[in-house]
There are 2 protein chains.
Amino acid sequence: MQSQITPEADDSPPTGNDLRVARTKARIITAVIACLDEVGYSETSINRVQTTAGVSRGALTHHFPSKEAMMVETLERLLDPVRGGTHAPDAIGQATGRGDGIAADMARLWSKVLNTRPGRALVEILVAARTDAALSARIQPSLTAYNDQINVNIHSLYQSPTGDADDIQVLWTICRTFLRGLHLQARFEDNPKQTQRLLERFAHIMEPHMTARSQTKAERHEKPV
Amino acid sequence: MQSQITPEADDSPPTGNDLRVARTKARIITAVIACLDEVGYSETSINRVQTTAGVSRGALTHHFPSKEAMMVETLERLLDPVRGGTHAPDAIGQATGRGDGIAADMARLWSKVLNTRPGRALVEILVAARTDAALSARIQPSLTAYNDQINVNIHSLYQSPTGDADDIQVLWTICRTFLRGLHLQARFEDNPKQTQRLLERFAHIMEPHMTARSQTKAERHEKPV
DNA sequence: TTATAAACAGAACGTTCGGTCTTTTACAAG
DNA sequence: CTTGTAAAAGACCGAACGTTCTGTTTATAA
């Protein structure tokens, strides 16, 4: 909130204090994501984040007044890629719609987006929010916006063979529900082969019910509402 | 471990001290299940269980030397119904295989077994065990036995139209994975209608891939290995 | 150069956690 | 009734939690 000398849009590379702040916050959020992935939400204590990030307790508290705020901001960062936000390209768009089949789409979505460190960290926050009313209330708007965005994108990526517009949303929600279940399961068994097999079989079952739209990425993004 | 006057099988109604012990343990385990369902694993502290059960800290510690032991025994109790254990009849067997379609089976399985207080409590323990190595190690044998039992039962309930014996296991695992995902989702949205819709649509998709075997319940249980 | 505010450091706070301990109560055997 | 043993009660412990606090450093504007 300083060094606002240039009134032009803030696309200039940050310098001085802004750079320092950006670096510190990035270190902290990266540490939060790493902790979430490695030890889960309940073990992601402020002390552990502080140690992992290599910052002082004061720096941490200065940028994030509470653990909840820290988690909310981490979630925002994790949601950015799938929303095509500022920090990363549209991950789902890049993983899907290449025209080589829904099974291939889903395999890429799993390996390139969901079963990654950020993907697993995101699930950890969502799982924790189920039973944490305060956290849940705080992240609900972001999640709603995220869901809406998903539903928009899915309409431009796939369509139901019957032409039912609502059905494709239901079908994609089924896919997401399955993938969520797969996430929890993947933590237990250290057998990626079995996970892969389930994923392929499921995609093969879903394939006849969801046909891909063939169009360019630009077309996909032209109707953002 | 007392009043063993009668060497006959312990089917006699417990009296005296045994009754007191049974009641206290039952109160505690019931309280654990209630807490897990209502506030989740992380908030299910010993203090909360103690208050909910209406017993003292000493009584709790006397029967369960550690929180982990308390959770393990609760899990055993929760697994009993699906294993056809001593405390309850075979819940899955009762919910499925009535010959009125897989969609009906799955709807019953959801409403009568999974989306109940014990069902939700069970999921809470499983979710917690993902990131709790000690708990995970402790419950792994029970879960493996549980999985084996499920796989046995599923072979006598359904078969693949192609006759592939392995495939029916994969298909049922897909169903369980989906239902697990549905469990997590159901906590967020308080819209049972939408959950029901997803469930019905999913079951309809799976139906052609899983045909029911028509046989009696006795036949189903005759090959327990 | 100096004033000001943000960024950072780290000690200390009160609370709650799971676990241990001693004491009292209830039951069953002699 | 007396006595031995297990159940139940509740005080208590150290550790870890998230938060709050004061002090110090750094960067920027006047």
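The values are calculated or read from the model by the stated rules, or taken from the named source; none is laboratory data. For clarity, every value in this text was computed on a predicted model and none was experimentally measured. Every residue, glycine as well, gets a Cβ built from its backbone with ideal geometry; the counts of neighbours run over all protein chains shown. Side chains are part of the model used for accessible areas, which takes the heavy atoms of the whole protein and leaves out ligands, DNA and RNA. Shrake-Rupley method; radii C 1.70, N 1.55, O 1.52, S 1.80 Å.
Under a Cβ-Cβ cut-off of 10 Å, what is the net charge of the residues other than residue A:95 that fall near it, where Lys and Arg count +1 and Asp and Glu count -1?
+1
Say R0 is 25 Å: what FRET efficiency, to the nearest 0.05, do residue A:100 and residue B:190 get from their beta-carbon distance?
0.05
When you look at the Cβ of every residue in A:180-193, what mean number of other chain Cβ atoms sits within 10 Å?
4
Per residue, how big is the convex hull of the stretch B:80-220 when only Cα atoms are used? Give it in Å³.
Normalising the Cα hull of the stretch B:80-220 by residue number yields 113 Å³.
For the pair B and A, how large is the buried accessible area, both sides, in square angstrom to the nearest 100, if the probe is 1.4 Å?
Approximately 3200 Å² gets buried when B meets A.
At q = 0.24, 0.32 Å⁻¹, what is the base-10 log of I(q)/I(0) for the stretch B:160-199 according to the Debye formula with one equal point scatterer per Cα and no solvent? Please give it to two decimals.
Taken in order of the listed q values, log10 I(q)/I(0) reads -0.75, -1.01.
Want the number for residue A:148 to residue A:166: 0.36 nm per residue separation, take away the alpha-carbon distance, what's left?
Roughly 5.2 nm would be gained on extension.
Note the full-extension length gain between residue A:61 and residue A:17 as 0.36 nm times their separation in residues minus their Cα-Cα distance, in nm to one decimal.
14.1 nm
How high is the relative contact order of the stretch A:137-217, in percent, with contacts defined as C-alpha pairs under 8 Å that are six or more residues apart?
43 percent
Grab the Cα-Cα distance for residue A:107 and residue A:48, subtract it from 0.36 nm times how many residues apart they are, and report the gain in nm with one decimal.
Length gained, residue A:107 through residue A:48: 17.9 nm.
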